[in-house]
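This report concerns only the one structure given below.
The values are calculated or read from the model by the stated rules, or taken from the named source; none is laboratory data. This one's a predicted model, so the numbers in the text were calculated from it and none came from an experiment. Note: ideal-geometry Cβ built from the backbone for every residue, glycine included; neighbour counts use all protein chains shown. Calculation scope for accessible area: heavy atoms of the full protein, side chains included, ligands and nucleic acids excluded. Shrake-Rupley method; radii C 1.70, N 1.55, O 1.52, S 1.80 Å.
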Amino acid sequence: MNTYAVVVLAAGKGTRMRSTLPKVLHTVAGLPLLAHVLNALEAVPPALSINSPLPIAASSRPIVVLGYGAEQIEAAFGDRCSYAIQAEQLGTAHAVLAARKNVDELDPLPQTVLVCYGDTPLVSSQILARVLVEHVTQQATLTFLTAITEQPSDFGRVVRNADGQVSEIVEMKRATEKQKRIQEVNSGVYCFDRTWLWSALQTLPRNASGEYYLTDLVGLASSQGRKIATVTGTLDETIGINDRVQLAAVEQLLHRRILEGHMYAGVTIIDPATTYIDNDVMIGADTVILPGTIITGKTRIGSECHIGPGTTIDSSVLGDRCIVHNSVLEETIFEDGVRIGPFGHCRPGAYLARNVRMGNFGEVKNSYIGPETDMHHFSYVGDATVGEQVNIGAGAITCNYDGVRKNHTTIGAGASIGSDTMLVAPVTIGEHAVTGAGSVVRHDVPPGAVVAGVPARILRMSQPSDASATEDGKKE
Ligand code: UD1
Ligand code: CA
């Protein structure tokens, strides 16, 4: 079968970003630019033969050409790609040549080399497939992607002769006034015949800017009478990010695309203008997202939830029918029916089981909270295991840190923790035990005991039904 190698150029510093971070590691929709490009490449069907008699398949993982910040990029992407090094950045043609050894070592040897840039995060797998299929069908020496735009800005202009044949790509810097008005631009996705590519790259001269431009291969192929094919996509797919203004523009476009995906899949988004959802977030149908909500990381949210307003959720998993109101969740798990807020904060390791209710100004960290437990008003639970149907009164706190260690608190099922109780960890409160308002609990409390005072002492042993009757542990 005809195979193709993939070369992604990512060696440039991205001078126009004015950043120490390599350009392709800047993120949009929560993912580095290069990750978006790799996602699109990996989503190209493994063997393409649509409208083409000749199937074509990727011969290997993408070969990413690195230079500035190489170690940082390799650390971020690991085995997902193989790497070639362009030690000095002398232009996009020079960068492709840096990958020659990697390509020539592939077995079977690919006939085609697909080249794209690591700074074009909106490129889609569909358009990449179209370029590949066109290249094979046309048996072209060179095929590239173009777009038509009324604002060609700094894109390379596609120059065609009187019969509409491509004669060259002229970079903005070197374009004449007439060429600057050309509305067909170079998107930066190319397929080359491998044999021709290597010989052409070797003869390509440095241009007036002292660089070797990949785009100059188009003029070369045309002057040799080689077959050049083009595919025209949309401008969106083309946008390469060179500075932070373009980064923000793409962020907006991508966000809109992500939000629309969720809306078409049954999620209500009340105000798309103030809602930000990362690329990898999953949301169930009939969930409503209210204004001012930011959902990031690999968060998964179930169906029929109400999220927001004013809520931030990162890398968390929520079941169905949860309500999150003006709250912040980080690396948190909610089972079905959990309600939090307004103004709750769940920090990493918080696990709230079915139907937990967590009220105003509560904070949970690295703790399991059992089903049907209520935790209202200004309470803090850290490094704790809380059973089911516990009532945690206003201002109750686990004193989990003794200045050296984080200590564990266990609260048994059905216990009632009175307002302003200080649970000085490590400590265990038995099932159905009750602590009075303002108790400072330094020692374990046996099941069913009622304790109060500073330090807390046992007053009596209660019946399980007493728990809901005490003044300070009142159920809402
Ligand atoms: C390039 C094209 C332009 C096209 C635009 C589309 C060239 C000369 N111009 O311009 O026609 O319209 O993309 O987005 O190709 N790189 C290297 N090594 C180098 C130089 C660049 O790996 O020596 C990498 C960069 O890291 C970047 C990519 O190649 O990911 C493109 O380079 P960039 O400088 O952004 O090219 P543009 O000016 O955007
Ligand atoms: Ca660019």
- Note on the structure: Checked against a 23 Å limit on the C-alpha separation, the offending pairs among Lys13/Lys178; Lys365/Lys406; Lys173/Lys227 are Lys13/Lys178; Lys173/Lys227
- Taking H as built 1.01 Å from N, whose amide H comes closer than 5 Å to the amide H of Arg300, not counting residues under 5 places away? Met282, Ser316, Val317, Leu318
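Hand me the trypsin sites (Lys or Arg not before Pro) from region 176-227 located in a DSSP loop with no more than 11 other Cβ atoms within 10 Å, in residue order please. Don't jump to the answer; show the numbers that get you there.
Details: sites: Lys178, Lys180, Arg181, Arg194, Arg206, Arg226, Lys227; in loops: Arg181, Arg206, Arg226, Lys227.
Loop-located and lightly packed - Arg181.
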- Message: What figure, in Å² to the nearest 10, do you get for the accessible area of Asp243 with a 1.4 Å probe and non-protein molecules left out?
- Response: 50
- Query: So for the chain, what percent of the C-alpha to C-alpha distances run longer than 38 Å?
  - Reply: 44
- Message: So, R0 is 35 Å and r is the distance between the beta-carbons of Ala57 and Ile85; what FRET efficiency does that work out to, to 0.05?
- Response: 0.85
- Item | Quotient of C-alpha Rg and 2.2 N^0.38 Å, computed over region 399-453 | 1.04
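Among DSSP beta bridges whose residues both lie in the chain, state the antiparallel percentage, nearest 5. Mind showing how you got there, number by number?
Working: 24 of 110 bridges.
The antiparallel proportion sits near 20 percent.
Can you name the helices of the chain, as whole DSSP H runs, whose Cα span along the helix axis is 18 Å or more and whose Kyte-Doolittle mean is not below -1.0? Could you put the intermediate results ahead of the total?
Details: long enough: 125-138 (20 Å, 0.49); 244-264 (30 Å, -0.10).
Taking the DSSP H segments of the chain (at least 18 Å long, mean hydropathy at least -1.0), we get 125-138, 244-264.
Given 0.36 nm per residue, what is the gain on full extension from Glu260 to Ala208 after removing their alpha carbon distance, in nm? List each step's numbers first, then the result.
On the way: separation 52, 0.36 × 52 = 18.72 nm, distance 4.50 nm.
Taking 0.36 nm per residue and subtracting the Cα distance, the gain is 14.2 nm.
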- Separation in nanometres of the label points that stand 7 Å from Cα toward Cβ, at Leu21 and Ser125: 2.7
- GluC sites (Glu not before Pro) in region 102-159 lying in a DSSP loop, each with at most 13 other Cβ atoms within 10 Å of its Cβ, come to Glu105, Glu150
